[in-house]
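Right, one structure below, let's go through it.
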Amino acid sequence: MKLNELLKIRREKENMTQAELAQKLFVTHQSVSKWERGENVPSVDNLLQLSDLYNISLDELIRGSSFFKKPFFVRQPINKLKIIAFLVFWLFLSLFFTGFGYQPFFVFILIYCIGLFMVFPTFFQDYWIINRSNLVIKKYSSNYSKVFELFKTSLNQKNEQTIEYTQIVSVSLEYYVRVRTSPFDFHPDPFFLEVTLANDDCLRLPLTSKIEEYLPQFFMLLQKKGITMIDDHNIMPVMIRNESVFEYMNQTITELKGL
């Protein structure tokens, strides 16, 4: 997202007109208008004043989110310490359920295998890493593949996929509102980045709950590399304003249905 768009979003969030902002900064109305049309940029002094006025950092003002160091992990990969901790914890729990040897040994093995193949995979998910020149992506095909990853990780064999930015044609921000038939349905709406590569392959990158911490800057990074960014639902301004994407999208769908 460009600086002029960010400046407009921040001003509107504060419910100020261009004239009111100009008065606070001791500049002309025309200057603010030119900033937001992209015909001019604020001076360093004006950017600092805007940062103070909106009570945000300069990074948030001109990038859309706070600066994050690279590599930046979107979800964390499984590591050896977590593997060992789970195996020890489930070993103790299996012994507890079987009375510390009171039950037959095969019952202990059964409970331990249930934990290994059904409980353990829920502790880690697909992840991806933002680097300066590429993306590193890890996707699992099933829960069973996660179990095999346990042993590969122990041998430092993560089988990650590396995508250079030069291979990416476009990135689309996708959100789908799920139809909920029960008040106890707490599954999140599908929310992800769809990455289209030069060879026409498409990848889906999962997003975390705190997307405002990295996604605006990631979008800007990709734009600078000449990659087409698509945001058909206009979700980016919602994130920058620190508003709920879930509420925004569900309200939008409700309004469309009412038309």
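What follows draws every value from the coordinates through simple rules; no lab data is involved. This is a predicted model, so every value here is computed, not measured. No Cβ is skipped: glycine too gets one built from the backbone with ideal geometry, and neighbour counts run over all protein chains shown.
The table for this structure:
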| quantity | calculated |
| --- | --- |
| Residues being aromatic (Phe, Trp, Tyr) and either assigned to a loop (DSSP other than H, G, I, E, B) or in contact (Cβ under 8 Å) with a residue 60 or more places away in the chain (or both) - total across region 25-42 | 1 |
| Single match in Pro206, Pro216, Pro188 (criterion: exposed (fewer than 12 other Cβ atoms within 10 Å of the Cβ) and of a type outside the set (Asp, Glu)) | Pro188 |
| Complete set of residues in region 236-246 that are among the hydrophobic types (A, V, I, L, M, F, W, C) and either surrounded by fewer than 19 Cβ atoms within 10 Å (Cβ to Cβ) or free of Cβ contacts under 8 Å to residues at least 24 places away in the same chain (or both) | Val238, Phe246 |
| Residue that is nearest to Val74 (Cα to Cα), among those in region 203-259 that are in contact with a Lys or Arg (Cβ under 7 Å, 6 or more places away or on another chain) and assigned to a loop (DSSP other than H, G, I, E, B) | Thr208 |
| Residue match in region 43-62 (condition: closer than 25 Å to Asn242 by Cβ, part of a loop (DSSP other than H, G, I, E, B), in contact (Cβ under 8 Å) with a residue 24 or more places away in the chain and within 28 Å of the chain's Cα centre (by Cα)) | yes |
| Filter result for Val177 (in a loop (DSSP other than H, G, I, E, B) and of a type in the set (Val, Ile, Thr)) | yes |
